[in-house]
Amino acid sequence: MRQREHLTPYGNKPMVTPIVSAVNYEYVSFEILRQITEGEIDGYTYHRDDNPTCRAVEKEIALMEKAVDCIICTSGMAALTMIFLTYLKAGDNLLTFHDIYGANYKVSLILEKFGVEVTWLNAAEPEKVAENIKDNTRMIFCETPSNPLVKIVDIEYLRRQADRVGAMLVVDNTFATPYHQSPLALGAELVVHSATKGLGGHNDLMAGAIACSTKDYYDQLWFTRQAIGTTLDPFPASLLERGLKTFEIRAAKMSENAMAIAEFLSGHPKITRVYYPGLESDPGHKVACKQMKNGFGGVLAFDVGNKQSHAKKFVEKLKTIYHAVSLGCTETLVCLPVLTTMLYLPEQRRTTFGVKPNTVRLSAGIGDTQELIADLKQALE
Ligand SMILES: Cc1ncc(COP(=O)(O)O)c(C=O)c1O
């Protein structure tokens, strides 16, 4: 655990980082102002630049991701957009996968407006990366496991491909979380999180985080955040700090529940397919065993019957499992991706890469395993 640096006037230390709501700070002297602005000391001047509550959380996430430093910001999408804005320019190629969170598609339309070319591949066909990488490919971006079909891409393989043209590798680690996967150790330059999910874990905050492999990456992303003002408020940062204290216990229980649920559903006659890298039959299992640890994460997907009405009926019959988007929180949640997270996508892109109208995504919470399975069982009757 981090050293608590914030002293009370009597010298004793609070158990949590104080919420510093100040947006403005008095300069004690011109010399201190110079040291802060030249980065010699970790001081504070104005909230858009930095905030002590946020800084404490950044240091903690950096430790978890084995990173040199970390930048937190207002949401996962803000984090991704900051990365694209910082490292891509007109004429560059971004190589990515259809199997990523839906709102990235919207961001790709904005990037294209500014002259960035985006190549979309199917994560289930990794060999296509070698065929599609180009001299102007500046970045490879993937999610593994991906949203929503939990497809696995081999991070070390992407690293080798990126090295052919000197591209950066960015991995969204939201589904795996640092409990199950350390992409920086596998060769990524940056690891991005929707901290709204497993890191926060309680459906009560929105934040993004970017763990950086070098100080240069931290400085460049700090520049972008300071310029565009995606700095996180201290209150959600404080909630995030609280979430991090129980993160590992939650991640372990979610993964245990997801595995038990995947096994239960695999044997159920009304379930036509289960997607979970923990199952030996899953196409991503072998690579997942190589690059993940402590289990395979808390999210899985499955197809109910063969029509959307079958999936809808199942969801409506659930009693303790919630019908809601988001994931990685204490409650168990289900949603139909084609009606929620993928709604933004053009019709033909929603289902081309494996998601079906009757696919359900489930994010396992920390509840009792047998109670969750009993709820699923009764909803499938
Ligand atoms: C894998 C993944 N990355 C990024 C995001 C975006 O995060 P946020 O909702 O915090 O902007 C999401 C949201 O669901 C996600 O699932």
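None of the figures in this text is laboratory data; all of them are computed from the coordinates on show. Model, not experiment: these values are computed from the prediction. Positions of Cβ are generated from backbone atoms using ideal geometry, with glycine treated the same way; all protein chains shown enter the neighbour counts.
Structure values in brief
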quantity	calculated
222 nm mean residue ellipticity, helices alone, for the chain (DSSP H n ≥ 4; -39,500 (n - 2.57); rounded to 500)	-11000 deg cm²/dmol
Local electrostatic count, T330, Cβ distance below 13 Å [Lys/Arg +1, Asp/Glu -1]	+1
Charge tally in the Cβ shell below 12 Å around V192, where Lys, Arg are +1 and Asp, Glu are -1, V192 excluded	-3
Per-residue ³J(HN,Hα) for the stretch 36-49, Karplus 6.51 cos²θ - 1.76 cosθ + 1.60, θ = phi - 60°, Hz, x for Gly and Pro	5, 5, 8, x, 6, 10, 7, x, 10, 10, 7, 4, 5, 6
Rough spin-label spacing in nm, given labels placed 7 Å along Cα→Cβ, for E371 and F114	4.7 nm
Helix 215-228 vs. the chain, principal-axis angle (Cα, 0 to 90°, nearest 10)	90 degrees
Packing-based order for 185-191, 83-89, using average beta carbon neighbours within 10 Å, highest first	185-191, 83-89
Cα→Cβ-extended label distance, 7 Å offset, between S266 and T246, nm	3.0 nm
Relative contact order, percent, the chain [alpha-carbon distance under 8 Å, six or more residues apart]	17 percent
Global form of the stretch 258-381, assessed from the alpha-carbon gyration tensor, a/c cut-off 1.5	rounded
Computed label-point distance, nm, for sites E331 and A227 using a 7 Å Cα→Cβ extension	4.0 nm
Net dipole in debye of the chain [+1 Lys, Arg Cβ; -1 Asp, Glu Cβ; about Cα centre; nearest 20]	960 debye
Proxy reagent accessibility, fewest Cβ within 10 Å first, across D99, D233	D233, D99
Principal-axis tilt of helix 52-64 within the chain, Cα atoms, nearest 10 degrees	50 degrees
Cα centre as origin, Lys/Arg/Asp/Glu Cβ charges: the stretch 1-114 dipole, Debye	280 debye
Net charge contributed by nearby residues that have their C-beta within less than 12 Å of T272 (K/R +1, D/E -1)	+3
Loop chymotrypsin sites (Phe, Trp or Tyr not before Pro), the stretch 91-177, which have at most 15 other Cβ atoms in a 10 Å radius of their Cβ (DSSP)	F114
For the stretch 105-183 and the stretch 297-354, distance of Cα centres in Å	24 Å
The stretch 89-163, relative contact order [Cα under 8 Å, separation at least 6], %	39 percent
Most positive-pole-ward Cα, S281, Q35, L318, against dipole of the chain from beta carbon charges	L318
Over the stretch 53-208, relative contact order from alpha-carbon pairs under 8 Å, at least 6 apart, %	25 percent
For the stretch 118-133, 3J(HN,Hα) per residue [Karplus equation, 6.51 cos²θ - 1.76 cosθ + 1.60, θ = phi - 60°, Hz, x = Gly/Pro]	10, 9, 10, 10, 8, 4, 7, 10, x, 4, 5, 4, 4, 6, 9, 5
Extension gain (nm, one decimal) between E31 and E381, 0.36 nm per residue minus Cα-Cα	118.8 nm
Integer Hz, Karplus 6.51/-1.76/1.60 couplings in order for the stretch 80-89, x for Gly and Pro	5, 5, 4, 5, 5, 5, 6, 10, 10, 9
With 5 Å bins from 0: P(r) over the stretch 66-157, alpha-carbon pairs, percent	3, 12, 23, 23, 22, 14, 3, 0
Cα-Cα over 28 Å, subset of K59/K197; K128/K197; K245/K270; K66/K106	K128/K197; K245/K270; K66/K106
Fewest-first sequence of S182, S194 by Cβ atoms within 10 Å of each Cβ	S182, S194
Dipole magnitude of the stretch 317-379 about its Cα centre (Cβ charges: Lys, Arg +1; Asp, Glu -1), debye to nearest 20	300 debye
